[in-house]
Amino acid sequence: MSNVYLGFHFSVAPKELGSEILVAELGELPFESFIESDSGIVAYIQKPLCTPDILENLHILSSPEFVISYTIEEIEQVNWNEEWEKNFEAIDVDGTCHVRAPFHPKTEAKFDIVIEPKMSFGTGHHETTHMMIQHLLETDVVDKKTLDMGCGTAILAILAEMKGANPIDAIDIDNWCYQNSIENAERNNCHSISVYEGDAALLKDKHYDLIIANINRNILLNDMQAYVDCLNKNGILLLSGFYEEDIPFIAASCTEKGLTYIKKFQRNNWVSLKYVK
């Protein structure tokens, strides 16, 4: 590869949520690839496509909720495969679910999921995805009509199919996630997953036995009524993407809409909640 690339090294605080939003916004620009770093993310763009004002309209940079700084590095001949292998490690969840890249060896785990790590969010490394996997591992999903809302890489939809869920809708508003979810579903030989690009407006007149929503607090609160409206009686709602201090807001919304709290997982300050209708 002879193209000259620029690497934007972003330092983000708080890192997890800020990095996810930043990647989503950068994905609308000509940035090609993203890698998680210790302090945030590195975003790569071909130098000829980088204009002086390219970051001018990024909303997150002016948000008081995040502190973001960056430096720019010029890079010759990026070997993307080498970058992925340096920055992506296989993970294990409770000895039952193994999430790996195509270049990692297959294991004897009951659920072996292959995700192409074009960015590291939604690969199982983040606490919220890890906890949602834990919920799914202990939930009977056989023949349950399932929704993976804000599917990212479709890792949760893929695990749901491996556990017998059918049929499954996977929805994400981001085009990159939409395309990557299709690729990953095919990569894992999934046949019950339908991927859609859009938001909660797509849920009109839909009905599900299981809804998985790993997004963020504000979107969850905004769309909670839509989830409840399309959740069947005795249906399960799995939520994550928010902090422990957000629980009162999420719990109040769920309770007032008739949902019953079942269980919580917590990793660091991130939480994941299970409700039943």
Exercise. Would you check if there is a residue in segment 2-25 being in contact (Cβ under 8 Å) with a residue 12 or more places away in the chain, part of a loop (DSSP other than H, G, I, E, B), of a type in the set (Phe, Trp, Tyr) and touching a helix residue (DSSP H, G or I) at 6+ places or on another chain (Cβ under 9 Å)?
Key: no
Practice problem: Go through (1) farther than 21 Å from residue 27 by Cα; (2) touching a Gly at 6+ places or on another chain (Cβ under 9 Å) one by one and return the number of the condition residue 154 breaks. | Solution: (1)
Practice problem: Being free of Cβ contacts under 8 Å to residues at least 60 places away in the same chain and not in a helix (DSSP H, G or I) is the filter; apply it to segment 168-177 and report the residue that is most open to solvent (accessible area, probe 1.4 Å). | Solution: 173
Practice problem: Select, from 184, 180, 222, the only residue that is open to solvent by 70 Å² or more (accessible area, probe 1.4 Å), in a helix (DSSP H, G or I) and modelled with pLDDT under 95. | Solution: 222
Self-check item: Residue within segment 78-91 that is open to solvent by less than 40 Å² (accessible area, probe 1.4 Å), part of a strand (DSSP E or B) and at pLDDT below 90 present
Solution: yes
Quiz item: Say we look at segment 157-167 and pick out the residues that are in contact (Cβ under 8 Å) with a residue 40 or more places away in the chain and outside any helix (DSSP H, G or I); which of these is least open to solvent (accessible area, probe 1.4 Å)?
Solution: 165
Quiz item: All but one of (1) of a type in the set (Phe, Trp, Tyr); (2) surrounded by fewer than 18 Cβ atoms within 10 Å (Cβ to Cβ); (3) in a helix (DSSP H, G or I) hold for residue 196; which doesn't?
Solution: (3)
Exercise. Test residue 258 against the criterion of being of a type outside the set (Lys, Arg), outside any helix (DSSP H, G or I), in contact with a helix residue (DSSP H, G or I) (Cβ under 9 Å, 6 or more places away or on another chain) and over 17 Å from residue 135 (Cα atoms), and give yes or no.
Key: yes
Practice problem: Write out, first by first residue and then by second, each pair whose Cβ atoms fall under 7 Å of each other, whose residues are 6+ apart or on separate chains, and whose first residue, in segment 217-228, is closer than 16 Å to residue 151 by Cα while the second is open to solvent by 70 Å² or more (accessible area, probe 1.4 Å) and not hydroxyl-bearing (Ser, Thr, Tyr). | Solution: 217/249
Self-check item: Matching residues in segment 26-61 - criterion: being outside any loop (DSSP other than H, G, I, E, B), over 23 Å from residue 180 (Cα atoms) and of a type in the set (D, E, K, R)
Solution: 47
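The values are calculated or read from the model by the stated rules, or taken from the named source; none is laboratory data. It should be emphasised that the depicted structure is a prediction, and the values quoted were computed from it without experimental measurement. Methodologically, a virtual Cβ is constructed for each residue, glycine included, from the backbone with ideal geometry; neighbour enumeration extends over all protein chains shown. Heads up: the accessible areas ignore ligands, DNA and RNA and are worked out on the full protein's heavy atoms, side chains in. Shrake-Rupley method; radii C 1.70, N 1.55, O 1.52, S 1.80 Å.
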